[in-house]
Amino acid sequence: MSGEATESIAAWRAGIDALDEKVIALLEERMALSRQIQHSRMRNGGSRLAAARERRIVQRYADRLGDDGARLAALVLTMSRGAAV
Ligand SMILES: O=C(O)C(=O)C[C@]1(C(=O)O)C=C[C@@H](O)C=C1
């Protein structure tokens, strides 16, 4: 591979690494918000789960990202629920 290509790939990877850091930070922020909601609901006698809300979230991801988006949403929700200890 040419030196130019190697440099380009390194720069693009730096961009990806920066984006991944943001995605991770956003996921952490999301999990914290989700935990607040779940704790609040449970303190008030409700359950941890809000199934209808989850269906809307999965649908939103699916509309934008297809079947993989739906799977990603399910994983994000699992992580968010798991954070509510
Ligand atoms: O929106 C809520 O009611 C939440 O509790 C948050 C959240 C989520 O992480 O998006 C988590 C658990 C529920 O089952 C539904 C959604």
To test your reading of the geometry: what angle, between 0 and 90 degrees and rounded to tens, separates the Cα axis of helix 3-43 from the longest principal axis of the chain? 10 degrees
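What 222 nm value per residue comes from the helices of the chain, counting each DSSP H run with n ≥ 4 as -39,500 (n - 2.57) and dividing by all residues, nearest 500 deg cm²/dmol?
-31500 deg cm²/dmol
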What is the packing order of peptides 60-73, 13-26, taking the mean over residues of other C-beta atoms within 10 Å and listing the highest first? 60-73, 13-26
Express in nm, to one decimal, how much length is gained between Ala74 and Glu4 on full extension, taking 0.36 nm for each residue of separation and deducting their alpha carbon distance. 21.2 nm
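Computed from the coordinates by the stated procedures, all read-outs in this text should not be read as laboratory data. Because the structure is a prediction, the values reported are computed rather than measured. Note: ideal-geometry Cβ built from the backbone for every residue, glycine included; neighbour counts use all protein chains shown.
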